[in-house]
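Here is the structure we will look at.
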Amino acid sequence: MHHLIQVTHCLQTCSCNGGRCFRHLAFQRIQPQHIGVAGGKQAAMSAPLTYGISTKAKHADCAAFFLNWVATNRTARDIDVAVGGSHPMGPADAYMPPVKAGTVTAATLTAGAKIGQDNGAMDFIANATGAIYAKSWTPQLQRLVAGQQTPAGLLSSVQKDYESQVGS
């Protein structure tokens, strides 16, 4: 059974060939009772940039070289953090540029690392199928905010709807 709850943080640990990425619909369950509790696991919606190279690209080798450079070169990673203010793509153990303490970038990177450590990144709900977004996520979230639904009930309901659309 697939659990429509949480996906691996692709920026740091994507293993698409192993089927753990959102695109491959292999989900991992997280326990909602541990989210948002003081000292508990942290979770957030996150949608990493995803790049691909067309099989028809005239200069696929140049594109691959560039993406590898962006992901692994120290200067490229410095630029990415300084300009983008977020964790650069690439291997989890790649060089991470230092950032000034007390800045929004430092707080963002710290929070991102905690979410990655807790395996708590989930794709944006708007990236779900149209029907799941419109007929399941949206009304269930509205019920949750109105106090008519529990977090566990929301996840159970969305899971049931997901399975009815795409199968288990």
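Take the range 66-102 and flag every residue that is of a type in the set (Phe, Trp, Tyr) and over 19 Å from ALA113 (Cα atoms). Of everything in the range 66-102, those that are of a type in the set (Phe, Trp, Tyr) and over 19 Å from ALA113 (Cα atoms) turn out to be PHE66, TRP69. For the range 46-85, a residue qualifies if it is of a type in the set (Gly, Ala, Ser), out of contact with any strand residue (DSSP E or B) (no Cβ under 8 Å at 6 or more places or on another chain) and touching a residue at least 24 places away in the same chain (Cβ under 8 Å), and exactly one does: ALA47. Of all the listed residues (ALA107, ALA134, ALA126, ALA113), the sole one being surrounded by 13 or more Cβ atoms within 10 Å (Cβ to Cβ), assigned to a helix (DSSP H, G or I) and small (Gly, Ala, Ser) is ALA113.
Assessment of the range 67-82 against the conditions (among the aromatic types (Phe, Trp, Tyr) and at pLDDT 90 or above) yields at least one matching residue. Which of the numbered conditions does ALA92 fail, given that it passes all the others? Conditions: (1) more than 21 Å from ALA111 (Cβ to Cβ); (2) touching a helix residue (DSSP H, G or I) at 6+ places or on another chain (Cβ under 6 Å). Tallying (1) more than 21 Å from ALA111 (Cβ to Cβ); (2) touching a helix residue (DSSP H, G or I) at 6+ places or on another chain (Cβ under 6 Å), ALA92 fails exactly one: (1).
Across the range 29-58, which residue is farthest from the chain's Cα centre (by Cα) among those that are farther than 22 Å from THR108 by Cα and modelled with pLDDT of 80 or more? Step by step, filter the range 29-58, then rank; the result is LYS58. If the condition is being under 21 Å from SER46 (Cα atoms) and part of a helix (DSSP H, G or I), then the range 73-104 contributes ARG77, ASP80, VAL81, ALA82, VAL83, GLY84, VAL104. Checking each residue in the range 142-153 for being in contact (Cβ under 8 Å) with a residue 24 or more places away in the chain and closer than 15 Å to MET45 by Cβ picks out only PRO151. Annotation note: Cβ proximity below 7 Å between a residue of the range 126-141 that is farther than 13 Å from GLY153 by Cβ and a residue that is of a type in the set (A, V, I, L, M) and outside any helix (DSSP H, G or I) (sequence gap 6+ or interchain) occurs for ASN127/ALA47; TRP137/ALA128.
The values are calculated or read from the model by the stated rules, or taken from the named source; none is laboratory data. Nothing here was measured: the structure is a model prediction, and the numbers come from that model. Note that we place each Cβ from the backbone using ideal geometry, even for glycine, and neighbour counts take in every protein chain shown.
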